[in-house]
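Notes to accompany the following structure.
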Amino acid sequence: DTAMSGSGSISNLTPIVVNANTTLTLGDITINTTPGNIQTVNGTMNYAGSAAQTISFNAAAQWKGLTVTNALGVALNSLMKIITKLTLALGAFTTNNNLTLGDGITTPDLSRSGGTISAAPTFGSNVDVEYAQNGSVITTGPELPTGAAVLRDLTINTTNNVTLEANNATVNGVLTFT
């Protein structure tokens, strides 16, 4: 894993490539670049600043994985597609209706422990959702799809309660309690 800490911004980058099994964690760093210059090749971008952070590009971006671990939140101000995994660990992820989860081929994972999401993403075809341990009760939100064929597997992986708030959430695959 690689971390960029401190504060400030980085502009006009040649491509940053986040390779397999690698996470690039951004502290209070802003990256100003075009979407193709940050490539998550089976890796993950982790927004973990101590101030609110923004993801903003001048064109649509596509990443393999994104983790939100910022108590003050992360805002998505550009179109983005997450192919493999979205993790909501801490803080609010404000999507501004710019998020697509999955590409219609790969079934992405959405894992939520301590974070929230402002609006339901556009789902590629289906999604697996996990509610993970965080030390308190989790109430489901717009991350849990309500379309009849969208939710494939649902995993409740916590010793705390999970309150299901979604209307008509249908598990089409496996429902797991661990």
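The values are calculated or read from the model by the stated rules, or taken from the named source; none is laboratory data. Note that the coordinates shown come from a computational prediction; the quantities given were computed from them, not determined experimentally. Every residue, glycine among them, receives a Cβ derived from its backbone with ideal geometry; neighbour counts consider all protein chains shown. Calculation scope for accessible area: heavy atoms of the full protein, side chains included, ligands and nucleic acids excluded. Shrake-Rupley method; radii C 1.70, N 1.55, O 1.52, S 1.80 Å.
What to note about this one:
- Surface accessible to a 1.4 Å probe, per residue, for the residues of the range 43-94, Å²: 36
- Gained length - ASN97 relative to SER56, 0.36 nm times residue gap less alpha-carbon distance: 13.4 nm
- Between THR87 and LEU66, THR67, VAL68, SER111, the built amide H atoms are under 5 Å apart, and every one of these is 5 or more places off in sequence or on another chain.
- Modelled spin-label separation between ASN134 and VAL171, with each label point placed 7 Å from Cα along the Cα-to-Cβ direction: 1.9 nm.
- Straightening the chain between THR163 and ALA119 buys 14.1 nm, computed as 0.36 nm per residue apart minus the Cα-Cα spacing.
- Farthest positive-ward along the range 63-157 dipole, Cα basis, beta-carbon charges - from ASN97, LEU86, GLY115: ASN97
- Whole-percent carbon and sulfur share, accessible surface of the range 54-174, 1.4 Å: 47
- Size-normalised alpha-carbon gyration radius of the range 132-178, reference 2.2 N^0.38 Å: 1.13
- Cβ-Cβ distance of ALA148 and THR106, R₀ of 22 Å, FRET efficiency by 1/(1 + (r/R0)^6): the value works out to about 0.60.
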